[in-house]
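Here the structure comes first, spelled out in structure tokens, and everything after it is commentary.
Just so it is clear, none of the values below were taken in a lab; they were calculated from the coordinates. The structure displayed is predicted, hence computed values, not measured ones. Quick reminder, even Gly has a Cβ in these numbers, built from the backbone with ideal geometry, and neighbours come from all protein chains shown.
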Amino acid sequence: MPFFPTAPVRIQPYFGYRNRERLRISARALRSRVGKFEQRSKWRAAKTMLSQFVSHEVPDLPVELEIALPDGKAQRHLGRTDSEGFVNFDIPLEPCWDYGTHPVWDTVVFHWRAGEEEQCVDAHVLAPGADTGLAVISDIDDTIVETGITGDFRAVLRNWRRILIQMPEERILVPGADVFYNALGGGEALTSGEGHAGETQPATHRPFFYVSSSPWNLFSYLVTYIRGRGLPLGPIALRDWGLNRATFGSASHGAHKRAAIEAIIETYPEIKFALIGDDSQGDLTAFAQIAVDHPGRVRAIFIRKVGDAMSSEELTATANLEAAQIPLWLGDGYDTGHEFLASIGLLGDGEAKAIVDTVEATKKRKA
């Protein structure tokens, strides 16, 4: 049973992204109240977390997406939620919507009806800048947030408190991730988004995208975590969980991430990407296959080591990357990642040195 069967229908927007010709964004219709991830009693925390999973989806709901283009004209596109409450928009932009100099978050609006009243909510779409030459695609679990559940099902049981009770501010940040990610992000861009005059948020100079095998139910939780830890914000590709082999099978993690990453890479043919993950869910194997299948598109791969010795598949992936001359960094902490950046000159025009200097300066302050 849902926690709030009589709660009003709301739209949970997810972060979208666009190029000059197309805009992609999704949302979900839910009959629930917005969760607040605050420190509270263990019982209240568990109830808050459980409410994220026991969702009451609203199928067959008409939802409109409003886009305000630079020429001042507003376009509305009609969609309808599926059986799980999701509505997906893949909109051709006519006329083309050019980039600004730097990346921005453009604001769009979702409209729907709750009873007799029309409701609306702002949503955000990431657009790179004309000066964007490199973007970052990152995993989440055990890449930026410690889960403690790598390994078998017993590891999940040992760490049930992290999954069911801990609020975002209580979760453990992977050491050094904040410094490393913000150095790669290059700081905030100087411009704000265009479009509907609603809430805006700053973008980083190098766009960030996140992929994870976590369910869409945790979107708000993860956004709260990313913002609270001062990490670069970006679109997040999650999964619709089902109690089947497609969700829990060992090969499903890599397949989901590969599809999400390839969709991003193919959206931006003029941009190269750095891929960041860990070795707990087959990231190395999936990333290597993507890099080989999309020659010239992956600038480097960063893999945080959290598991045991490399599998035969990972050894093959490493050999394939070496043959393709795609730099690979393997380490147990981001405090050594700056050495890799410096050695390969990941970013041109002195930016690699700037990243190294930032990481080194932070290490000295913390020493």
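Details
- Applying 1/(1 + (r/R0)^6) with r as the Cβ-Cβ distance of residue 324 and residue 60 and R0 = 56 angstrom yields a FRET efficiency of 0.75.
- A Förster radius of 22 Å, combined with the Cβ-Cβ distance separating residue 69 from residue 263, puts the computed FRET efficiency at roughly 0.40.
- Net charge, residue 73 excluded, C-beta distance under 12 Å - Lys, Arg +1, Asp, Glu -1: -2
- Computed FRET value (nearest 0.05) for residue 76 with residue 240, which takes r as the C-beta separation and R₀ as 30 Å: 0.70
- You can think of it this way: the chain between residue 294 and residue 313 has 4.9 nm of extra reach, that is 0.36 nm per residue less the Cα-Cα gap.
- Label-to-label distance for residue 272 and residue 84 is 3.6 nm, based on points extended 7 Å past Cα in the beta-carbon direction.
- Each principal axis of the range 51-106 carries a Cα extent, and these read 43, 23, 15 Å when sorted largest first.
- A simple spin-label model places pseudo-atoms 7 Å from Cα toward Cβ; at residue 121 and residue 188 they are separated by 2.4 nm.
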